[in-house]
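I have placed the structure first, in the form of C-alpha coordinates, so that the comments after it can refer back to it.
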Amino acid sequence: MGLTITSLDDAVSRFLEVHAPPVTKRIEALSELHKRGISMYAFVGPMLPYVVQKENELEKLIYTLKQIGVKEIWFEHINLNARIKDRLFSYLRKTNPSLIPLFEKTKVFAYQKNLDALIYKFVRNHSIKIGGGSVIRHNKPHN
(Lines give C-alpha, C1' and ligand atoms only; values in the text may rest on other atoms or scores of the structure.)
Protein backbone atom coordinates (compact mmCIF):
# COMPACT_ATOMS: atom_id res chain seq x y z
CA MET A 1 0.00 0.00 0.00
CA GLY A 2 1.37 3.41 -0.85
CA LEU A 3 0.45 7.06 -0.87
CA THR A 4 1.82 10.08 -2.72
CA ILE A 5 3.47 12.76 -0.64
CA THR A 6 4.67 15.73 -2.72
CA SER A 7 5.53 17.99 0.18
CA LEU A 8 4.89 18.38 3.90
CA ASP A 9 3.01 21.59 3.06
CA ASP A 10 -0.73 21.12 2.52
CA ALA A 11 -0.91 24.24 0.31
CA VAL A 12 1.75 22.89 -2.07
CA SER A 13 0.19 19.46 -2.30
CA ARG A 14 -3.28 20.98 -2.76
CA PHE A 15 -2.11 22.91 -5.83
CA LEU A 16 -0.54 19.85 -7.44
CA GLU A 17 -3.23 17.38 -6.41
CA VAL A 18 -6.46 19.35 -6.44
CA HIS A 19 -8.78 16.46 -5.54
CA ALA A 20 -6.50 14.53 -3.19
CA PRO A 21 -6.74 14.62 0.61
CA PRO A 22 -4.38 17.04 2.40
CA VAL A 23 -0.87 15.69 2.82
CA THR A 24 -1.25 15.81 6.60
CA LYS A 25 -4.13 13.32 6.34
CA ARG A 26 -2.08 11.07 4.05
CA ILE A 27 0.79 11.07 6.54
CA GLU A 28 -1.67 10.16 9.30
CA ALA A 29 -2.99 7.33 7.11
CA LEU A 30 0.52 5.96 6.51
CA SER A 31 1.21 6.12 10.24
CA GLU A 32 -2.01 4.24 10.99
CA LEU A 33 -1.15 1.57 8.41
CA HIS A 34 2.23 1.10 10.08
CA LYS A 35 0.60 0.80 13.52
CA ARG A 36 -1.65 -1.94 12.13
CA GLY A 37 1.35 -3.83 10.75
CA ILE A 38 0.56 -3.14 7.10
CA SER A 39 3.57 -2.73 4.85
CA MET A 40 3.53 0.54 2.97
CA TYR A 41 5.61 2.89 0.86
CA ALA A 42 5.53 6.57 -0.05
CA PHE A 43 5.73 8.05 -3.52
CA VAL A 44 7.45 11.45 -3.54
CA GLY A 45 6.63 12.93 -6.87
CA PRO A 46 6.85 15.07 -8.59
CA MET A 47 10.01 16.34 -6.93
CA LEU A 48 9.74 20.11 -6.72
CA PRO A 49 12.60 22.56 -7.34
CA TYR A 50 12.51 24.05 -3.87
CA VAL A 51 14.00 20.85 -2.45
CA VAL A 52 17.26 21.55 -4.25
CA GLN A 53 17.38 25.11 -2.97
CA LYS A 54 16.22 24.17 0.52
CA GLU A 55 17.65 20.71 0.97
CA ASN A 56 16.51 20.64 4.60
CA GLU A 57 12.93 20.38 3.22
CA LEU A 58 13.80 17.15 1.42
CA GLU A 59 15.57 15.71 4.44
CA LYS A 60 12.66 16.71 6.69
CA LEU A 61 10.25 14.93 4.33
CA ILE A 62 12.36 11.75 4.28
CA TYR A 63 12.84 11.91 8.07
CA THR A 64 9.09 12.35 8.65
CA LEU A 65 8.29 9.36 6.45
CA LYS A 66 10.89 7.26 8.27
CA GLN A 67 9.43 8.27 11.66
CA ILE A 68 5.96 7.00 10.70
CA GLY A 69 7.31 3.64 9.58
CA VAL A 70 7.90 4.05 5.84
CA LYS A 71 10.78 1.81 4.73
CA GLU A 72 10.63 2.45 0.98
CA ILE A 73 10.20 5.70 -0.94
CA TRP A 74 9.74 6.06 -4.68
CA PHE A 75 11.01 9.36 -6.09
CA GLU A 76 10.06 10.97 -9.40
CA HIS A 77 11.55 13.95 -11.21
CA ILE A 78 8.91 16.45 -12.28
CA ASN A 79 7.52 15.85 -15.77
CA LEU A 80 6.81 19.27 -17.25
CA ASN A 81 4.83 18.19 -20.27
CA ALA A 82 3.03 20.97 -22.16
CA ARG A 83 -0.27 20.67 -20.25
CA ILE A 84 1.34 20.67 -16.81
CA LYS A 85 3.80 23.42 -17.72
CA ASP A 86 1.03 25.71 -19.06
CA ARG A 87 -1.09 25.29 -15.93
CA LEU A 88 1.83 25.65 -13.55
CA PHE A 89 3.43 28.64 -15.26
CA SER A 90 0.08 30.42 -15.57
CA TYR A 91 -0.37 30.05 -11.82
CA LEU A 92 3.23 31.10 -11.06
CA ARG A 93 3.00 34.21 -13.26
CA LYS A 94 0.18 35.40 -10.99
CA THR A 95 1.54 34.25 -7.64
CA ASN A 96 5.33 33.93 -7.72
CA PRO A 97 7.01 34.57 -11.11
CA SER A 98 10.47 34.23 -9.56
CA LEU A 99 9.88 30.46 -9.33
CA ILE A 100 9.52 29.98 -13.09
CA PRO A 101 13.30 29.82 -13.75
CA LEU A 102 13.59 27.14 -11.06
CA PHE A 103 11.04 24.98 -12.84
CA GLU A 104 12.76 25.63 -16.18
CA LYS A 105 15.95 24.11 -14.72
CA THR A 106 14.27 20.80 -13.89
CA LYS A 107 15.13 19.30 -17.29
CA VAL A 108 18.82 20.25 -17.04
CA PHE A 109 21.18 17.34 -16.33
CA ALA A 110 23.10 19.18 -13.59
CA TYR A 111 19.85 19.93 -11.74
CA GLN A 112 18.69 16.30 -11.88
CA LYS A 113 22.13 15.02 -10.91
CA ASN A 114 22.22 17.38 -7.91
CA LEU A 115 18.74 16.35 -6.82
CA ASP A 116 19.59 12.65 -7.20
CA ALA A 117 22.70 13.16 -5.04
CA LEU A 118 20.62 14.78 -2.29
CA ILE A 119 18.07 11.97 -2.40
CA TYR A 120 20.72 9.23 -2.22
CA LYS A 121 22.50 11.01 0.63
CA PHE A 122 19.36 11.45 2.72
CA VAL A 123 17.94 7.96 2.16
CA ARG A 124 21.32 6.50 3.08
CA ASN A 125 21.47 8.68 6.23
CA HIS A 126 17.98 7.56 7.27
CA SER A 127 18.24 3.91 6.13
CA ILE A 128 15.38 4.15 3.63
CA LYS A 129 15.16 2.05 0.47
CA ILE A 130 14.61 3.81 -2.88
CA GLY A 131 11.73 2.17 -4.72
CA GLY A 132 12.82 0.77 -8.06
CA GLY A 133 16.45 1.39 -7.12
CA SER A 134 16.64 4.87 -8.66
CA VAL A 135 14.78 8.13 -9.15
CA ILE A 136 12.17 7.99 -11.94
CA ARG A 137 12.86 10.18 -14.98
CA HIS A 138 10.43 10.84 -17.80
CA ASN A 139 12.66 12.69 -20.21
CA LYS A 140 16.32 12.54 -20.96
CA PRO A 141 17.85 15.62 -19.31
CA HIS A 142 19.82 18.09 -21.41
CA ASN A 143 22.88 20.18 -20.56
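Assorted remarks:
- Enumeration of residues in the range 81-128 that are of a type in the set (S, T, N, Q), under 26 Å from V18 (Cα atoms) and surrounded by fewer than 11 Cβ atoms within 10 Å (Cβ to Cβ): N81, S90, T95, N96, S98
- Any hit, the range 67-79, residues being on the phi < 0 side of the Ramachandran plot, part of a strand (DSSP E or B) and surrounded by fewer than 16 Cβ atoms within 10 Å (Cβ to Cβ): no
- Looking only at the range 14-52, residues that are of a type in the set (S, T, N, Q) and either closer than 29 Å to N114 by Cα or at pLDDT 95 or above (or both) come to 2 in all.
- Hits in the range 22-54 - residues which are part of a helix (DSSP H, G or I) and under 23 Å from F89 (Cα atoms): V23, Y50, V51, V52, Q53
- When G132 is tested against (1) surrounded by fewer than 12 Cβ atoms within 10 Å (Cβ to Cβ); (2) without any contact (Cβ under 8 Å) to a residue 40 or more places away in the chain, only condition (2) is not met.
- Residue within the range 24-38 that is among the β-branched types (V, I, T), surrounded by 16 or more Cβ atoms within 10 Å (Cβ to Cβ) and out of contact with any strand residue (DSSP E or B) (no Cβ under 6 Å at 6 or more places or on another chain) present: yes
- For the range 1-21, the set of residues classified as part of a loop (DSSP other than H, G, I, E, B) and surrounded by 14 or more Cβ atoms within 10 Å (Cβ to Cβ) consists of I5, T6, S7, L8, D9, E17, A20, P21, listed by residue number.
- Whichever residue in the range 66-115 is closer than 14 Å to M47 by Cα and charged (D, E, K, R) and, among such residues, is modelled with the highest pLDDT: E76
- Within the range 121-139, if we keep just the residues that are out of contact with any helix residue (DSSP H, G or I) (no Cβ under 9 Å at 6 or more places or on another chain) and within 13 Å of E76 (Cα to Cα), the residue that is modelled with the lowest pLDDT turns out to be H138.
The values are calculated or read from the model by the stated rules, or taken from the named source; none is laboratory data. Everything numeric here is computed off the predicted structure, so don't read it as measured data. All Cβ positions, even for glycine, are placed from backbone atoms using ideal geometry, and neighbour counts span all protein chains on display.
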